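I have placed the structure first, in the form of structure tokens, so that the comments after it can refer back to it.
The values are calculated or read from the model by the stated rules, or taken from the named source; none is laboratory data. Nothing here was measured: the structure is a model prediction, and the numbers come from that model. So basically every Cβ, Gly included, is an ideal-geometry build from the backbone, and we count neighbours across all protein chains shown. The protein model used for the area step is the full one, side chains on, heavy atoms only, and it has no ligands, DNA or RNA in it. Shrake-Rupley method; radii C 1.70, N 1.55, O 1.52, S 1.80 Å.
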2 protein chains.
Amino acid sequence: MNGLKNFHYTHPHPAVTTDVVLFSIREARLELPLVRRTGQPFAGMWGLPGGFVGIDEDLESCALRELEHETGITGVYLEQLHTSGRPDRDPRERAISVAYCALTPADRLQIKTMNGEKEVGWFALERLPPMAFDHAEIVTMAHQRLVAKLDYSTIAFQFMPETFTLGELQTVYEIILREPLDKRNFRKRVLALDRIAATGELRRNGNHRPARLYRLKFPDKVEIIK
Amino acid sequence: MNGLKNFHYTHPHPAVTTDVVLFSIREARLELPLVRRTGQPFAGMWGLPGGFVGIDEDLESCALRELEHETGITGVYLEQLHTSGRPDRDPRERAISVAYCALTPADRLQIKTMNGEKEVGWFALERLPPMAFDHAEIVTMAHQRLVAKLDYSTIAFQFMPETFTLGELQTVYEIILREPLDKRNFRKRVLALDRIAATGELRRNGNHRPARLYRLKFPDKVEIIK
DNA sequence: AGACTTAGTGTATTCCTTACACTATGAATG
DNA sequence: CATTCATAGTGTAAGGAATACACTAAGTCT
């Protein structure tokens with residue numbers, strides 16, 4: 001805390017923050033974590049996880065640090081989304097927010113929720129609460145980006161756990177696109193990408209034929225396709 | 001100038017700048033304007049037009065203002081590109097740059113070059129000089145974005161003057177893509193977009209049949225296509 | 001009048017996308 | 001142990017989109 005120090009500039013500098021829209025697929029919905037704000041402004045309201053950029057801190061590091069600090073979530077896929085700088089977006093002082101879009105498989109969550117002092121809530125994209133600042137706009141932008149990237153990149157693979165079935169992968173696409181897909185065409189297309197490989201293992205769940213398990217060939221890479 | 005004033009904060013704030021990569025097609029090349037730096041750091045080197053964001057100034061306004069101030073160019077198409085914030089990118093102080101990608105037809109230029117004190121130079125994308133800060137990286141990103149957007153948006157139309165021929169439009173595409181296109185297929189595709197309309201006028205230049213002139217139906221709109 | 005230069009036009013083929021229905025396999029049930 | 005149940009897994013035909021390709025049109029220049 002620098003509460004007692006002062007920093008001087010010959011011209012005024014804006015505050016810079018990062019904010020993260022972290023998507024995950026939970027309970028067959030596209031959901032994201034929001035943090036209950038404790039201080040002013042917008043105290044008590046929900047907002048994106050984020051905070052001020054350290055003076056020697058990279059923007060991505062800041063986004064990841066604040067995400068971990070406020071939600072306990074680490075190891076996500078992260079890409080820069082947009083920088084919002086409307087002069088009136090923060091009533092206290094000029095604040096510029098560099099927004100990031102992040103994706104993570106649902107099985108990486110819940111390891112350490114409620115580690116900070118702040119309340120964290122998961123919200124379905126369809127049922128978002130009123131949000132602080134211009135965070136609603138940022139979420140909209142992130143969603144548009146996600147949908148757009150679905151069909152020219154391998155971004156959806158970032159929702160998948162270590163191993164997964166083709167049925168599960170198809171379900172992820174269907175949830176994001178909000179429409180059913182043809183099973184045979186989906187498999188044909190996704191296998192033709194040559195980005196996933198069968199592990200040789202099977203998954204046995206319900207009273208039905210077991211499904212082959214697959215894994216990503218390049219787990220952390222999101223590629224432009226076609 | 002605020003040389004005598006001081007601004008105080010309880011925690012350090014970064015400086016925020018905007019930088020603009022403005023593409024235009026000149027002499028059958030993709031070119032962009034750079035500004036000779038006068039002050040430190042990188043004095044004497046070339047850099048993107050840009051500068052500090054005013055404390056009550058929108059980011060886009062800043063980009064447009066600095067572009068006009070340093071190069072005299074106005075009325076361009078502008079879209080946000082990327083925000084660079086590596087802590088060491090400016091040797092003086094922490095500086096975060098919001099980069100914009102801009103496009104303009106060549107006939108809007110040269111109206112008032114050299115209006116400021118700074119030297120402005122146009123450089124072919126293939127023959128860029130050494131550049132200040134991380135501006136070379138920013139230009140690379142802008143170029144990648146432009147090429148990518150060529151085939152899923154109507155962005156290339158932003159290079160065209162009020163009226164133009166299909167041959168000129170095809171040449172623009174060929175310059176950016178660095179490959180020749182089939183004339184009949186190009187016309188079929190571009191007319192099918194239904195974004196340009198014949199004016200009814202003809203253009204007579206050389207010793208050959210005159211070409212029909214077209215204009216954009218929605219001059220300022222860049223749309224996602226297909 | 002003839003040569004030159006770019007404008008302007010249509011069709012056949014190939015490739016990709018889409019639509020579509022049945023068999024396979026293990027679990028659960030009685 | 002036979003039957004039911006639920007999801008896994010597979011191929012082909014038709015339609016639509018992208019591609020390859022060559023000649024005529026019209027005005028200028030000599």
Which sequence of A:LEU81, B:LEU32, A:LEU181 reflects their accessible areas, 1.4 Å probe, from the largest down?
A:LEU181, A:LEU81, B:LEU32
Can you tell me the FRET efficiency between B:GLU79 and B:THR163 if r is taken as the Cβ-Cβ distance and R0 is 25 Å, rounded to the nearest 0.05?
0.55
Which of the residues in region A:4-47 lose at least 40 Å² of accessible area when you go from the chain alone to all protein chains together (probe 1.4 Å)?
A:PHE7, A:HIS8, A:TYR9, A:THR10, A:HIS11, A:PRO12, A:HIS13, A:PRO14, A:VAL16
Theoretical FRET efficiency, 1/(1+(r/R0)^6), r = Cβ-Cβ of A:ALA43 and A:ARG215, R0 35 Å, to 0.05:
0.20
If you restrict to DSSP beta bridges whose two residues both lie in chain A, what percentage is antiparallel, to the nearest 5?
75 percent
Can you report the principal axis dimensions of region B:15-150 using only the alpha carbons, biggest first, rounded to whole angstrom?
39, 34, 31
Rounded tilt (10° steps) of B:59-71 against the dominant C-alpha axis of chain B:
80 degrees
Relative compactness, region B:105-226, computed as alpha-carbon Rg over 2.2 N^0.38 Å:
1.23
By accessible area (1.4 Å), largest first, A:MET141, B:MET160 order as A:MET141, B:MET160
Suppose a student asked you for the relative contact order of chain A, using Cα pairs under 8 Å spaced at least 6 residues apart; what percent would you report?
20 percent
Could you report chain A's accessible area per residue, 1.4 Å probe, as an integer in Å²?
52 Å²
How much of the accessible area of region B:155-216, probe 1.4 Å, is carbon plus sulfur, in whole percent?
46 percent
Modelled FRET efficiency - R0 56 Å, B:ASP151 with A:GLU117, Cβ distances, 0.05 increments
0.70
How far is B:PHE42 from the same spot in each other copy, in nm, shortest first, if each label point sits 7 Å from Cα toward Cβ?
3.3
What 222 nm value per residue comes from the helices of chain B, counting each DSSP H run with n ≥ 4 as -39,500 (n - 2.57) and dividing by all residues, nearest 500 deg cm²/dmol?
-7000 deg cm²/dmol
Give me the percent of the accessible area of region A:15-150 that comes from carbon and sulfur atoms, probe 1.4 Å, all protein chains in place.
49 percent
Report the Rg/Rh value for region B:155-216, based on alpha-carbon coordinates and the Kirkwood definition of Rh.
0.94
Label the protein assembly as shown by shape, choosing from rounded, prolate and oblate, from the square roots a ≥ b ≥ c of the eigenvalues of the Cα gyration tensor; if a/c is under 1.5 it is rounded, and otherwise prolate applies when a/b is larger than b/c, oblate when it is not.
oblate
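Quote the total accessible area buried by chains B and A together, excluding ligands, DNA and RNA, probe 1.4 Å, nearest 100 Å².
Using a 1.4 Å probe, the pair buries roughly 2900 Å².
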Subtracting the Cα-Cα distance of B:ARG26 and B:LEU181 from 0.36 nm times their residue separation yields 53.8 nm
To the nearest 10 degrees, how steep is helix B:183-192 against the longest Cα principal axis of chain B, on a 0 to 90 scale?
70 degrees
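Just reorder B:LYS188, A:LYS226, B:LYS149 by solvent-accessible area, largest first, 1.4 Å probe, all chains present.
Result, largest first: A:LYS226, B:LYS188, B:LYS149.
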Relative contact order in percent for region A:71-155 (Cα pairs under 8 Å, 6+ apart) equals 30 percent
On a 0 to 90° scale, report how tilted helix A:166-177 is relative to the longest principal axis of chain A, with both axes built from alpha carbons and the result rounded to the nearest 10.
40 degrees
Summing Lys, Arg as +1 and Asp, Glu as -1, what charge do residues with Cβ under 10 Å from the Cβ of A:LYS118 carry, A:LYS118 excluded?
-1
Using a Cα distance threshold of under 22 Å, what count of lysine pairs results for chain A when pairs must be 8 or more residues apart or interchain?
11
Loop only by DSSP, 11 or fewer other Cβ within 10 Å of the Cβ. Give me the trypsin sites (Lys or Arg not before Pro) in region A:1-94 that pass, ordered by residue number.
A:LYS5, A:ARG92
Could you point to the residue in B:GLN80, B:THR18, B:ALA124 farthest towards the positive end of chain B's charge dipole, with +1 and -1 charges on the Cβ of Lys/Arg and Asp/Glu respectively?
B:ALA124
